Amino acid sequence: LQITNTGSTTVNGWTLVHSLPAGQQVTSAWNATVSQSGSTLTARNVGHNATIAPGGTASFGYQGTLSGAYAAPTSFTLNGVTCTRS
């Protein structure tokens with residue numbers, strides 16, 4: 001996943017939250033500290049990608065298991081603010 005700062009101020013530390021499809025479990029992650037509670041995934045920055053300048057990006061990924069059909073996440077929040085998927 002890639003987070004793009006479309007604002008005019010620097011993001012200093014980030015937390016991205018989104019829902020996973022039913023039956024998906026995260027097994028590992030990179031470039032973020034990832035936790036899961038039920039179907040809610042929470043990803044937090046790690047030291048080297050905590051700051052995102054205006055127009056800049058931060059990327060992370062995760063692997064998981066899935067039973068059933070995959071559905072891409074549709075809603076995200078970044079630091080508590082709803083953001084769009086592109």
Just give me the residues in region 1-20 being outside any strand (DSSP E or B), of a type outside the set (S, T, N, Q) and open to solvent by 20 Å² or more (accessible area, probe 1.4 Å), in sequence order. 1, 7, 13
Taking only region 44-71 into account, find how many residues are outside any strand (DSSP E or B), open to solvent by 40 Å² or more (accessible area, probe 1.4 Å) and of a type in the set (Gly, Ala, Ser). 7
Counted residues, region 9-25 - those being at pLDDT below 95 and of a type in the set (A, V, I, L, M): 2
Taking region 21-43 and the residues there that are touching a residue at least 40 places away in the same chain (Cβ under 8 Å) and part of a loop (DSSP other than H, G, I, E, B), the one that is nearest to residue 57 (Cα to Cα) would be 21
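The values are calculated or read from the model by the stated rules, or taken from the named source; none is laboratory data. Quick caveat, the model's predicted, so the values are computed rather than measured. For neighbour counting, all protein chains shown are included, and Cβ atoms are generated from backbone atoms with ideal geometry for every residue, glycine included. The protein model used for the area step is the full one, side chains on, heavy atoms only, and it has no ligands, DNA or RNA in it. Shrake-Rupley method; radii C 1.70, N 1.55, O 1.52, S 1.80 Å.
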